[in-house]
Amino acid sequence: MKQFSLSDLEDAYQERTAVVRCECTFSTEAVGGQPADEEGVRQFVVHHLGITDEAEREKAVHRILTEELQDVRPAEGEVEESKLYGLRSLRRTKSGVYLGDWMIKACIKNAASRLEIFKQIRGTKGNFAEAGRVRAWKYSLQEPEHPNFIFVRNSADQPCHCYHKEFMGRVQTPAGQASIIHHSECIEIGSRFAFEFRFIPGKVREEDMRDTLAMTMVVGLGSARSLERGKFSIDYAEIDGLK
């Protein structure tokens, strides 16, 4: 009976896939879109409101969690913008802010879709979406046990600088369209991240992937992309395994 280790299976996956590796820099601020948990609220209180006293800080955190982050829309219709308030944060661990692998894969899929690569080369959508895998690379691999967390760093290879900013707009909710005001945590322009993307090559050519990467820079990452946030430049890219 033939037996295989995890390393054997990983080698088999890599032998079957092509790989793209990129080093990127945000050219516009990237906006977080995750509803803030208690830690996200605490980051907002400390870094945006500037409350450093521990007792006052905890009071502010409690007030925001119990009073300000409530959806007060009536059953029908909507209320004034100032009454519907939200706080959005970025994903982070003790190592800093990170991008999820699914975010970068979605960006790549959107870029390929806009170029009609999925339509022109049959099977590519599944090769990207189902057989594709994004992993942190180089300085973004801060937690080897979590290679799917692509950590964002500054030019000195430290956790990137983040800040909160107010946004106004409209969103689609289960109760219909609603006007909103929200403070969202943002990643500073110039912050860096690096990733690799593996996928079954099929009939995809180098120029197809080159064009896809070029389009990802315009598609962008994070929330508020309709406001031209989350754009990035690919400073270096390498492609291996394509014709």
Meets criteria (modelled with pLDDT under 95 and surrounded by 18 or more Cβ atoms within 10 Å (Cβ to Cβ)) for residue 221: no
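So if I check each of 113, 82, which one is among the polar types (S, T, N, Q) and modelled with pLDDT under 65?
Residue meeting the stated conditions: 82.
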Qualifying residue in segment 145-167 (condition: free of Cβ contacts under 8 Å to residues at least 12 places away in the same chain and within 19 Å of residue 197 (Cβ to Cβ)): no
Some residue of segment 159-179 being under 19 Å from the mean Cα position of the chain (by Cα), among the hydroxyl-bearing types (Ser, Thr, Tyr) and at pLDDT 95 or above: no
Pair list, Cβ < 8 Å and 6+ apart or interchain, from segment 121-143 residues that are in contact (Cβ under 8 Å) with a residue 60 or more places away in the chain to residues that are of a type in the set (A, V, I, L, M) and part of a loop (DSSP other than H, G, I, E, B): 121/204; 124/204; 127/200; 127/204; 131/200; 132/200; 135/141
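The values are calculated or read from the model by the stated rules, or taken from the named source; none is laboratory data. None of the values given here were measured: they were computed from a predicted structure. Cβ atoms come from the backbone with ideal geometry, glycine included; neighbour counts cover every protein chain shown.
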